[in-house]
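This report concerns only the one structure given below.
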Amino acid sequence: MEKLTLKDEYIKLGQALKAAGLVESGVEAKYAVQDGLVYVNGEVELRRGRKLYDKDVFTYQGNQVRIEESV
């Protein structure tokens, strides 16, 4: 499982997909989420603006990424 460290209190799902290198653009992130291909904490997420916080896990195309607070 990959880890993505927060720079702020949260990160939006579309931004997290890009930051993790799972999509190349915001448009690609938008379509991945709209098509029901992204899971947050084991459930399909259809909101690209969903806020992800410490310990949230999102999955796209078999890649799991855990959100972590910066230390």
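Some points to look at:
- Single residue of segment 1-21 satisfying the filter (surrounded by fewer than 13 Cβ atoms within 10 Å (Cβ to Cβ) and basic (Lys, Arg)) that is farthest from Glu45 (Cα to Cα): Lys7
- Glu24 touching a strand residue (DSSP E or B) at 6+ places or on another chain (Cβ under 6 Å) and either of a type outside the set (A, V, I, L, M, F, W, C) or loosely packed, with under 14 Cβ neighbours inside 10 Å (or both): no
- Selection status of Lys30, open to solvent by 50 Å² or more (accessible area, probe 1.4 Å), assigned to a strand (DSSP E or B) and either in contact (Cβ under 8 Å) with a residue 60 or more places away in the chain or more than 24 Å from Val71 (Cβ to Cβ) (or both): no
- Every residue from segment 57-71 that is closer than 16 Å to Asp8 by Cβ and surrounded by 13 or more Cβ atoms within 10 Å (Cβ to Cβ): Ile67, Glu68
- Tallying residues that are closer than 12 Å to Leu4 by Cβ, open to solvent by 30 Å² or more (accessible area, probe 1.4 Å) and either under 9 Å from the mean Cα position of the chain (by Cα) or in contact (Cβ under 8 Å) with a residue 24 or more places away in the chain (or both) within segment 33-56 yields 2.
- Selection count, segment 33-64, where residues are out of contact with any Leu (no Cβ under 9 Å at 6 or more places or on another chain), among the charged types (D, E, K, R) and in a strand (DSSP E or B): 1
The values are calculated or read from the model by the stated rules, or taken from the named source; none is laboratory data. As the structure is a prediction and not an experimental result, all values here were calculated from the model. FYI the Cβ positions are ideal-geometry reconstructions off the backbone, even for glycines, and counts take in every protein chain you see. Side chains are part of the model used for accessible areas, which takes the heavy atoms of the whole protein and leaves out ligands, DNA and RNA. Shrake-Rupley method; radii C 1.70, N 1.55, O 1.52, S 1.80 Å.
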